[in-house]
Every structure is written in structure tokens, then in C-alpha cells.
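Visitor: Quick one: the structure is below, questions incoming.
We did not get these values from a lab; they are worked out from the coordinates using the rules stated. Because the structure is predicted, anything quoted here is derived from the model rather than measured. Every residue, glycine among them, receives a Cβ derived from its backbone with ideal geometry; neighbour counts consider all protein chains shown.
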Amino acid sequence: MSEIKTQNAKDFTDAPLCLSGRGVTKAFGIGEKRKLAVDHVDFDFHEGEFVSIVGESGSGKTTLSKMLLGLLNVTEGQILFRGKPRDISSGRKKREYWKGIQAIFQDPFSSYNVFHKIDSVLLDCINMRGGKHLPKEKKIEMMTEACSFVNLKFAELTNKYPFELSGGQMQRLMIARIFLLRPNILLADEPTSMIDACSRATILDMLLKLRDETGMTVIFITHDIGLAYYISDSVYIMEHGKFVEAGAPDKVMLTPEAPYTKRLISDVPKIHEPWDLSTVDLLQQEA
Amino acid sequence: MKNTIRQVFHSSKFVTGFVILVIILLTMFIYPLINPGNPLEMIGVGTFAKPGTYVSLYDASRTGKETLRLSDADEKRLNRLLSDADRVSMVEWFSAMGIDISGLDISDTDALLDLWKANYTPDSKPAGMTMAKRNYYKRLDKAIKEIGASDTLIITEKHAETGELEEIGSITKTDYVNVGQVANVKSLPLGTDNFGRDVLKELVSATGTSIVIGLIAGTVATLIGLALGLLSGYVGGLVDDLIMFVTNIFTVIPGFVLLILISYSIGQDQRGAAVVAIVIGFTSWTWTARSVRSQVISLRNRDHVNLSKLSGHSLIRIVLTDILPYIASYVVMAFILQVSSGILAEAQLSLLGLGPKTTTTPTLGLMMNWAMLYSAHTNGSWWAYFPVILTITCISFSLNLMNTGLDQVFNPTLRD
């Protein structure tokens with residue numbers, strides 16, 4: 001087992017903190033119906049780190065990601081942005097915060113406004129970075145560069161609508177958007193779960209390349225622990241709104257402590273080995 | 001957009017509704033060009049002149065004559081004066097008076113008339129006969145006397161100074177004039193109403209006013225409903241609670257009762273067509289607000305809205321560019337329905353006498369109100385109200401058909 005190594009896992013514990021949380025909680029409903037979607041979680045994401053948050057459906061990953069993005073209010077606890085408590089109390093402060101954090105969503109087909117052309121999606125990013133008054137040629141050059149970064153040709157995309165592209169192309173366009181915006185943090189919420197396996201590898205490769213080039217922190221949310229293992233610098237395992245295990249991928253994967261982590265690992269299908277489906281029975285018994 | 005329009009015009013329901021509406025609109029614009037003038041001009045002195053073509057008797061008597069010997073002219077003249085129903089009535093009178101009618105052939109006009117002339121006296125009162133019936137027989141008697149009138153009518157003119165009658169011409173049974181040569185011929189396809197006004201002209205003008213009222217009412221209702229629905233759906237929280245509280249109150253109070261109360265309290269003098277339209281709009285927005293809100297709620301957590309937020313767009317911009325276009329088709333449909341119900345609401349209000357107070361522009365509702373006040377429905381003047389009802393039905397039908405067609409285009413689950 002010791003032969004297996006993560007690809008590029010680095011230790012970022014000494015790097016400056018980028019985003020951290022203390023007792024972050026999100027509750028939905030009131031009274032007896034009150035349910036904690038995220039239950040007092042602590043985390044420290046460092047600058048330049050590729051962090052994966054792994055959990056199954058309904059474990060609270062997406063709720064957490066929406067809180068990190070500031071799209072949902074935090075019920076309890078505190079989120080710190082670069083060491084200081086995050087302040088998104090007004091619209092202006094929120095817009096300022098969003099210059100530092102951006103996202104790629106799970107479903108590329110619903111991520112775009114179907115009434116806007118691709119050009120306007122990319123132009124928006126340039127405007128947001130303060131490039132509103134740049135000459136048109138410069139803007140086109142920037143958009144072309146961003147598209148070529150994700151292996152798309154801007155000349156072919158101009159005047160087209162996003163829904164005319166394939167799922168993989170749309171997700172790559174999302175990355176081109178991030179390339180133009182250059183945020184400090186990129187939150188990728190299952191960006192590969194809706195697209196085919198070949199496109200998935202390309203997307204992941206681009207995310208890693210983007211991280212290496214710009215030094216941004218990538219928070220990668222996934223249900224696929226195998227995938228998380230190969231690309232992450234640190235892994236957080238989430239179950240029922242709590243982090244049950246966290247640390248370097250090697251530690252989490254090779255010496256899992258929490259039973260939930262063990263189950264997630266055993267659920268990963270392995271080639272040349274019979275797939276152990278016993279955990280499925282366990283789940284059914286629990287239900 | 002181009003595709004959507006093409007798709008919309010492939011829907012047979014939409015096209016049918018659209019064609020009906022276009023025909024109505026074209027009539028509205030073209031008819032006043034053919035028949036210009038004030039639609040409320042009282043051309044007739046009497047009430048409820050029957051539909052038809054009216055020829056000036058004065059002009060006809062002075063138009064060049066042609067002699068035509070038509071074999072069936074006498075028969076037609078007789079039938080006009082003495083119908084089959086009249087013959088039966090005559091027999092009824094004979095039996096009521098106890099006159100022997102054995103061997104009388106009802107189709108034998110001469111025998112029938114002889115018997116009548118021999119026996120009828122206007123003063124006779126058969127037992128159990130109503131006054132109305134007796135008056136009918138008096139009129140019948142007058143008509144019967146005309147049958148025996150002379151073949152020639154003399155036209156005389158009063159001398160301006162002496163006052164003596166001077167013969168200037170005569171008319172015989174075989175004299176005819178060409179209608180095209182008579183100076184004054186007036187065609188009234190739908191007759192006149194209680195004030196002696198041309199119903200068709202009035203109807204065309206009223207349709208225009210009613211459609212404008214519907215459009216104003218629909219616009220007001222859709223704008224209020226859309227603004228409140230967008231605000232409460234997108235902002236949520238306390239704003240949503242407040243708006244929905246007000247909306248629910250308005251929903252619970254029957255809209256028509258509210259409409260009656262507001263119209264009544266505004267007072268007759270202030271109630272113009274535009275005011276009535278705005279009042280209708282103000283009482284019918286709740287349905288739009290509720291449905292827009294539920295659509296917006298389902299949209300506000302979509303990824304493209306989140307992405308727009310992350311791109312730093314303002315609330316107004318997100319609502320206008322990321323929410324509104326997605327519900328635009330829905331809003332158009334709601335608007336069409338509001339226009340249709342606005343026209344109906346005006347008709348209902350006017351029928352109750354709470355419609356626009358106007359002596360210058362007719363509306364469909366007002367026309368029905370006038371027809372009802374002057375008992376057009378009881379005296380058989382169908383032309384005063386039936387074309388109005390038909391027009392309202394056609395407008396509502398075409399708008400609802402267009403709406404259903406649009407619904408089928410935009411909602412794939414409804415497609416055949």
C-alpha cells in the first residue's frame with residue numbers, strides 16, 4: 001500500500017491562511033423542524049492549496065459552499081477571510097468580497113443565462129476586473145487568451161449562445177471566466193459530476209494548471225473520494241454536516257479513522273477486483 | 001427570439017385567435033373611414049329602427065320613374081298587407097263573434113274580405129278579448145281597407161302663397177325607381193338603438209374604446225402584479241411576507257364587489273373610460289402577483305442567478321436580465337388574460353350602470369346598459385344588444401385562444 005502516492009500533494013500548513021471557519025453552522029427551519037445542514041465545522045484553507053471536501057449527497061457540502069460564497073447567511077460561527085472576520089453586510093461589501101472568491105457550479109447547463117451570448121459572459125468578467133474602459137481590441141485579446149487557456153477558440157464562440165456548446169465546453173468556458181477574474185479563491189462545486197469521464201480529466205487538469213499559474217486556492221467539492229485523493233493537497237470528509245476527518249490525502253486515505261471514511265473508500269470501484277457492495281446492505285439496514 | 005415567434009405562429013390555436021383579433025382590429029380602423037362621423041349622432045327620431053336599407057320617400061317620389069309590369073307584384077303587395085297569420089286571426093274573430101264561417105276557404109281572399117267588411121265594426125267587443133287584441137284588429141282593418149285602395153296615388157304640393165293643393169304627379173302600381181338614382185338611401189345593417197343612433201357605427205367605436213380599456217386595465221394589473229411578484233419572490237423574507245399579506249387580503253375580497261364599491265365611491269362625474277380602466281387594473285393584479293412570485297422563487301436559486309450575483313450585478317440588473325426574461329412568456333400570457341378580463345369587467349360594471357360616464361364615447365358595456373334600460377330584450381330589438389354580446393365573446397374568445405396557443409408553445413407538457 002505504501003507504494004501508492006498522491007500526484008502532487010504538498011504541505012501548505014505554513015502558508016498564510018486564506019479562508020477559515022470557526023464553528024460555522026447553518027440551520028434550516030425553526031422549532032421541531034429545525035435541521036442543521038452544517039453543524040459547527042472548523043476549517044483552515046491556505047493560500048494556493050487545493051482542498052477537497054468529500055461527502056455524499058445531503059451531507060451539507062453545497063450548503064457549506066454557498067455560505068463560503070456568501071450566497072447563504074451563516075446561522076452561527078464565523079468565517080475569516082485572510083485572517084480577518086469576513087464582512088459582507090452590505091451589497092457593496094459583498095461585491096468587494098466576490099472579487100476575491102468565485103465559483104464553478106455543478107450543472108453547466110443551468111449556470112448560464114440562456115439569453116446572454118458568450119461574449120457578454122466574458123466581457124462581464126473583464127468589466128468586473130476594472131477593464132471597462134479598455135479598447136475593444138484589448139478586450140478581444142484578453143478573451144481570446146482566456147479561451148485558448150481552456151482549449152477553446154474565441155473566434156468560433158463569438159456571437160454564440162452558451163447552450164449551443166457541449167457540457168464539457170461550457171464547463172471549460174466557466175474556467176475561462178475564472179481565468180479572467182483571477183480570484184484568490186475558486187470554489188468548484190462538483191464541476192465534473194455532470195460531464196463525461198474524458199472531459200472530466202481535461203477539466204481537472206485545467207483547474208490544477210490554473211492553480212499553479214495564479215496561485216489561487218481551489219476548494220473542490222466532490223462525492224468522489226478517489227478523485228479527491230489524486231488531486232488534493234488536503235481532504236475534508238463531511239458527514240451529516242460535520243467534518244469527521246481531515247488532513248493530507250495520504251493520511252486520510254491510507255489510515256482512515258472514521259467509519260464513514262472507510263465506507264467511502266470501500267465504495268470506490270477498483271479495476272481487477274470484485275466490487276465490495278456490502279456497505280450498500282449496511283446502508284439499507286440503517287434505513 | 002425569431003425561433004420562438006415562428007413556433008408561436010405554428011400553433012393553430014394561436015393563429016386562429018390572432019386572425020379573429022386582427023379582423024376585429026382592422027374593422028375598427030377601416031370602418032370609420034368608410035362611414036365617418038360621430039358614432040353617437042342621433043340620426044333616427046324613433047327608437048330601435050330595424051336593420052335594413054332606408055330609402056327617402058320624398059326623393060323617391062321625385063326620381064325618374066320606369067314602368068315595370070311584374071306578374072307577382074299584386075300578390076306580394078297583398079301578402080305584405082295580409083299575411084297568413086292575419087287570415088287565421090280574422091277567422092278567430094269571426095268565431096268569437098259567432099258568425100257562421102262554414103264553407104269559408106281561408107285562401108280565398110275575396111270571400112274572406114267580403115265577410116270581414118260585412119261584419120267588422122271597430123266598436124264590437126267579443127267576450128274575453130283583450131284590449132291589445134282589439135287594437136290589433138283595428139290595425140288589421142286599416143290594412144284591409146288599403147287593399148281596396150285606388151290604383152293611383154296623386155302627389156300634390158301646397159302652394160306657398162295660396163295654400164292650395166296643386167297636383168304635381170301621380171304614382172301607379174307599376175311605377176318603379178332605381179335605388180341607385182335616389183339621392184338619399186341610408187343603409188343601417190344593424191338598425192338604430194333607443195336614441196336613434198346607427199348601431200353598427202356605435203359598435204365599431206365601442207369595440208375600440210373597450211379594447212383600449214382592456215389594454216389599460218391589463219397593463220396596470222400586469223405592471224402592479226409583476227413588480228410586486230418580482231419583489232416579493234426575489235427579495236423574500238419580511239418584504240415577501242408583507243406583500244403576500246396585502247395580496248392575500250385583496251384575493252379574499254371578491255374583486256367585483258371591490259370594483260363596484262370603488263366605482264361607486266369615485267362618483268359619476270369623475271368616471272371616464274380611463275379612470276374605469278385604471279380601477280379595473282387596480283383590483284385585478286393579485287393573481288399575476290401570486291403566480292409571478294412563485295415563478296421567481298423557483299428561479300432565484302438557479303445557478304445562473306448565483307453566478308450573476310457573484311459577478312457583482314445589482315439587484316435591479318439581476319431581476320431585469322436574469323429573472324424577467326425567463327418569465328417573460330408567462331407574463332405575456334398573463335397580460336393577454338388580463339386584457340380579456342378587463343374588457344369583461346368593464347361590460348359587467350357598465351351593465352350595472354357603474355361604467356364610464358360618457359356622452360361622447362360608447363363602450364360595449366354602455367351599449368348593453370342602454371339596450372337594457374330601454375327594454376330592447378323585451379321588445380324584440382335584438383340588434384341593439386346581440387351584436388354587442390357577440391363582439392365581446394369574439395374578443396374574449398380570440399384572446400383566450402391566443403393564450404392557450406402560447407401556453408402550448410411555452411409549456412411542452414401541454415403539446416398535443
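Visitor: Run lengths n ≥ 4 of DSSP H only: what is the helix-derived mean residue ellipticity at 222 nm for chain A, with -39500 (n - 2.57) per run over all residues, to the nearest 500?
Guide: -11500 deg cm²/dmol
Visitor: Applying 1/(1 + (r/R0)^6) with R0 = 41 Å to the Cβ-Cβ distance of B:ARG77 and B:PHE386, what FRET efficiency is obtained, to the nearest 0.05?
Guide: Given R0 = 41 Å and the Cβ-Cβ separation, E is 0.85.
Visitor: What's the extension gain from A:ASP205 to A:ASP119 if we count 0.36 nm per residue and subtract their Cα-Cα distance?
Guide: Working it through step by step, the gained length comes to 28.5 nm.
Visitor: Let me ask another. When Lys and Arg each count +1 and Asp and Glu each count -1, what net charge do the other residues less than 12 Å away from B:ASN35, Cβ to Cβ, add up to?
Guide: -1
Visitor: Oh, and also: Please compute the Kirkwood hydrodynamic radius over the protein assembly as shown, one decimal place, Å, based on all pairs of different Cα atoms.
Guide: For the protein assembly as shown, the Kirkwood estimate is 33.8 Å.
Visitor: Using the Kirkwood radius built from alpha carbon pairs, what does the Stokes-Einstein equation give as D for segment B:167-299 at 20 °C and 1.002 mPa s, in µm² per second?
Guide: Translational D for this selection: 112 µm²/s.
Visitor: Cross-link partners among aspartates and glutamates for A:LYS10, C-alpha distance below 19 Å, same-chain residues fewer than 8 apart left out?
Guide: Of all the aspartates and glutamates, those that pass the test against A:LYS10 - Cα under 19 Å, at least 8 places apart if same chain - are A:ASP44, A:GLU47, A:GLU49, A:ASP205, A:ASP212, A:GLU213, A:ASP233, A:GLU245, A:ASP250.
Visitor: Working only with C-alpha atoms, what are the Rg and Dmax values of segment B:297-343, expressed in angstrom?
Guide: Over segment B:297-343's Cα set, Rg and Dmax evaluate to 13.8, 45 Å.
Visitor: Translational diffusion coefficient of segment A:115-182 at 10 °C, 1.306 mPa s, Stokes-Einstein with Kirkwood Rh over Cα pairs, in µm²/s as a whole number.
Guide: Rounded, D is 135 µm²/s.
Visitor: Taking chain B as the reference, fit the longest principal axis to its C-alpha atoms, fit the long axis of helix B:12-34 to the helix C-alpha atoms, and give the angle between the two in degrees, 0 to 90, nearest 10.
Guide: Computed tilt is about 50 degrees.
Visitor: For each pair in A:LYS33/A:LYS242; B:LYS65/B:LYS117; B:LYS50/B:LYS201; B:LYS186/B:LYS357; A:LYS35/A:LYS84, compute the distance between the two Cα atoms and list the pairs where it is over 26 Å.
Guide: Pairs exceeding 26 Å: B:LYS65/B:LYS117; B:LYS186/B:LYS357; A:LYS35/A:LYS84.
Visitor: Could you calculate the FRET efficiency of B:LEU261 with B:THR360 from 1/(1 + (r/R0)^6), where r is the beta carbon distance between them and R0 is 25 Å, rounded to 0.05?
Guide: 0.45
Visitor: Please identify which residues in segment B:184-199 have an amide N closer than 19 Å to a label point set 7 Å out from the Cα of B:CYS394, following the Cα→Cβ vector.
Guide: B:188-193, B:198-199
Visitor: Right, something else. Just tell me how shielded B:310-316 is by partners: mean number of partner chain Cβ atoms within 10 Å of each residue's Cβ, no decimals.
Guide: The per-residue average across the peptide is 6.
Visitor: A follow-up question, please. Provide, as a two-decimal number, the C-alpha radius of gyration of segment B:250-309 over 2.2 N^0.38 Å, N being how many residues it has.
Guide: Normalised Rg, Cα atoms only: 1.69.
Visitor: If you don't mind, there's one more thing I want to ask. I need to check one value: relative contact order of segment A:115-182, counting alpha carbon pairs closer than 8 Å and at least 6 residues apart, in percent.
Guide: After rounding, I find 48 percent.
Visitor: Past the 34 angstrom mark, what percentage of all C-alpha to C-alpha distances in chain B do you count?
Guide: 56 percent
Visitor: Restricting to Cα pairs below 8 Å that are 6+ residues apart, what does the relative contact order work out to for chain B? Please round to a whole percent.
Guide: 26 percent
Visitor: Which residue, chosen from B:PRO126, B:SER89, B:LEU113, occupies the Cα position most advanced towards the positive end of the dipole of segment B:89-131, where the dipole is computed from +1 (Lys, Arg) and -1 (Asp, Glu) charges on Cβ about the Cα centre?
Guide: The residue sitting farthest along the positive end of the dipole is B:PRO126.
Visitor: On to the next question. Taking R0 as 25 Å, what's the FRET efficiency between B:SER56 and B:ASP141 from their Cβ-Cβ distance, rounded to 0.05?
Guide: E between B:SER56 and B:ASP141, to the nearest 0.05, is 0.25.
Visitor: Moving on. In the neighborhood of B:LEU188, defined by Cβ-to-Cβ distances under 12 Å, what is the net charge if each Lys or Arg adds +1 and each Asp or Glu adds -1?
Guide: Local charge sum for B:LEU188: +1.
Visitor: Right, another one. Which angle between 0 and 90 degrees, to the nearest 10, do you get for helix B:273-282 versus the longest principal axis of chain B when only C-alpha atoms count?
Guide: The angle comes out at about 40 degrees.
Visitor: Also, I was wondering about something else. Helix B:255-266 against the longest principal axis of chain B: what's the angle in degrees, Cα atoms only, rounded to the nearest 10?
Guide: Orientation of helix B:255-266: about 70 degrees from the principal axis.
Visitor: Just to be sure I understand the model, the point goes 7 Å from the Cα along the line to the Cβ. What's the resulting B:ILE168 to A:SER166 distance in nm?
Guide: Distance between label points: 9.7 nm.
Visitor: Right, next: Can you give me the distance in nm between label points at A:GLU145 and B:VAL15, each placed 7 Å from the Cα along the Cα-to-Cβ direction?
Guide: Once both label points are built, they end up 5.4 nm from each other.
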